Amino acid sequence: MKDSLKDLAARLKGKRFGVVGVGNVMKGDDGAGPEVVAELQKRGFPLPCVDATEVPENYAGWVPKQELEAVVFVDAVEFGGEPGECRVIPFEHLMISASNTHRMSLHYTVMYLRDQWEGDAILVGVQPKSMTLGEGLGEEVTTGIERLVTTMLNAASEA
């Protein structure tokens, strides 16, 4: 399994970073982003994090106010990997259309953010298995979330 959590850790090392969870907890693995934020908060994550649900555009102004050097958006992203695989995905590779599970494409949110802030915006996609309405997170995605949370906690301890 190709995984880029080591690359993420290197990118975050020594930086003050925040986390924005994106997704719908009512749609199975689409709730990966909010679950990452919930787990970080449960474990006493020392840096800013927020659950943006399906409206990350509402939090574009939140990022600069936190005095961050980097922000990690976590979202379920279909990239053809194995369920639960985490991958850093360039925002330029996101579909620009608004036809996704969020009200506005995350691409537009990051374009706006880059005009307002000079930090490093990073997207970590978690490969979903199922995004069926009414289902909870699948076992594979839960395992991937655990690995991602551990990576972020370790990086935060070095910030």
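The values are calculated or read from the model by the stated rules, or taken from the named source; none is laboratory data. Please read all numbers here as calculations on a predicted model, not as lab measurements. Reconstructed Cβ throughout: ideal geometry from the backbone, glycine too, with neighbour counts over all protein chains shown.
Within the bounds of the stretch 88-99, is there any residue that is at pLDDT 90 or above, out of contact with any helix residue (DSSP H, G or I) (no Cβ under 7 Å at 6 or more places or on another chain) and not in a strand (DSSP E or B)?
yes
Among residues belonging to the stretch 20-41 that are touching a helix residue (DSSP H, G or I) at 6+ places or on another chain (Cβ under 9 Å) and more than 24 Å from LEU113 (Cα to Cα), point out the one that is surrounded by the most Cβ atoms within 10 Å (Cβ to Cβ).
Within the stretch 20-41, the match that is surrounded by the most Cβ atoms within 10 Å (Cβ to Cβ) is ASP29.
So in the stretch 120-135, with the set limited to residues that are closer than 22 Å to PRO90 by Cα and among the hydrophobic types (A, V, I, L, M, F, W, C), which one is surrounded by the most Cβ atoms within 10 Å (Cβ to Cβ)?
Going through the qualifying residues, I end up with VAL126.
Can you tell which of ASP7, ASP3, ASP30 is at pLDDT below 95 and within 27 Å of THR132 (Cβ to Cβ)?
ASP3
Yes or no: the stretch 61-80 includes at least one residue that is of a type outside the set (A, V, I, L, M, F, W, C), surrounded by 13 or more Cβ atoms within 10 Å (Cβ to Cβ), modelled with pLDDT under 90 and in a helix (DSSP H, G or I).
no
Restricting attention to the stretch 118-135, which residues are part of a loop (DSSP other than H, G, I, E, B) and either over 18 Å from the mean Cα position of the chain (by Cα) or of a type in the set (Val, Ile, Thr) (or both)?
GLU118, THR132, LEU133, GLY134, GLU135
Any chance you could count how many residues in the stretch 38-55 are polar (S, T, N, Q) and either in contact (Cβ under 8 Å) with a residue 40 or more places away in the chain or out of contact with any strand residue (DSSP E or B) (no Cβ under 7 Å at 6 or more places or on another chain) (or both)?
Matching residues across the stretch 38-55 total 1.
Quick one: is LYS15 under 19 Å from THR132 (Cα atoms) and among the basic types (Lys, Arg)?
no
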